[in-house]
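Comments concern the structure below.
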Amino acid sequence: MNSKNTTRPVTRPVQMTFTDSKGVARTHVIGSGNLTIMAGPCSIESKEHLLEVGTEVKKAGATFLRGGIYKMRTSPDAFQGLGLNALSFIKDVKRDLGMPIVSEITDPRQLGDFVEAVDMFQVGSRNMYNYELLKELGQTQTPVLLKRAFAATVDEWIKAADYVIKGGNENVLLCERGIRTFEPTTRNTLDLNSVAYLKAHTSFPVVVDPSHGTGRPELILPMSLAGVAAGADAIIVEVHPRPKEALSDGHQALTYPQFQTIVEQVTKVAHALGRQVETP
Ligand code: PEP
Ligand code: MN
């Protein structure tokens, strides 16, 4: 990395092949210049829940589904996710919708079951420093969405990514999800400096998560627009049919109409910058 270099490095795109709803193999690329919209629930609550949210976000324009079955919750009394039992929901819904999915892996022991079900592993903020997990993910070729730890410097985050790459897996995307600052008005402070910096000085595809970055639904639209303007290759947001009833992160979940507005508005920003938005 040469911080004096004024030419932008070329982003190394991450590619995934998946089967669409017509049974046709499709390649999905993040980091080639197009904008990708990733959306879904924080936690998968049932197969019907994932299918409903997936259907709605796809209709609105998302091309990548998200949903957790292992949740790293601050309190051990909070909902921890449905666990391995829900892997079959992921497989069924992916097949029915023909949509790739990203889900968080929290322990290397989950790898064998996860690898055949998900198209991208999420490493959550609380696990960015779990180097043994990162080394194990380096042994696969499945893309890894590496979220920034909430108190990590950009340099520590890049070095964490290097653990995956050194194992032989170059398919790493960096996800800015906000850092902890002195400001309590928002859940985290979405650090868009990091997005602009990573685009200027590294070849990682960059994803922005304004849901965790703000923790407030009314701020997710403006910060999605700002993330795209700062150069993000993808945005990832949380959507729920009834946010008040969500088993996790309901306070920041978008309703379907709110998500629809975000898709419409980020598309305008992307077009203004000469970029295309990937469509389902
Ligand atoms: C999530 O994506 O639901 C999540 C727990 O994110 P983070 O690890 O960024 O807190
Ligand atoms: Mn969440």
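No value in this document is a laboratory result; all are computed from the given coordinates. Remember, it's a predicted structure, so these values are computed and weren't measured experimentally. As a convention, Cβ positions derive from the backbone with ideal geometry for all residues, glycine included, and neighbour counts pool all protein chains shown.
Okay, here's what the table says:
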| item | result |
| --- | --- |
| Positions within the stretch 165-179 being within 16 Å of ligand 1 (Cβ to nearest atom) and under 19 Å from I30 (Cα atoms), in sequence order | V172, L173, L174, C175, E176, R177 |
| Condition met for D96 (under 23 Å from E48 (Cβ atoms) and not aliphatic (A, V, I, L, M)) | yes |
| Test set (1) small (G, A, S); (2) away from ligand 1 (no atom under 13 Å from the Cβ); (3) closer than 25 Å to V14 by Cα - G67 fails condition number | (2) |
| When residues of the stretch 158-198 are limited to those that are among the small types (G, A, S) and within 25 Å of T142 (Cα to Cα), the one surrounded by the fewest Cβ atoms within 10 Å (Cβ to Cβ) | G168 |
| Index of the failed condition, K58 passing every other in (1) free of Cβ contacts under 8 Å to residues at least 60 places away in the same chain; (2) under 24 Å from G231 (Cα atoms); (3) basic (K, R) | (1) |
| Residue that is nearest to ligand 2 (Cβ to nearest atom) [pool: residues in the stretch 81-101 that are in contact with a Gly (Cβ under 8 Å, 6 or more places away or on another chain) and within 23 Å of M128 (Cα to Cα)] | G81 |
| Selection from the stretch 199-216 of residues that are within 16 Å of ligand 1 (Cβ to nearest atom) and either under 16 Å from the mean Cα position of the chain (by Cα) or buried (at least 24 other Cβ atoms within 10 Å of the Cβ) (or both) | V206, V207, V208, D209, P210, S211, H212, G213, T214, G215 |
| Residues satisfying the stated conditions in the stretch 30-59, i.e. more than 16 Å from ligand 1 (Cβ to nearest atom), touching a Lys or Arg at 6+ places or on another chain (Cβ under 8 Å) and assigned to a loop (DSSP other than H, G, I, E, B) | G31, G33, N34 |
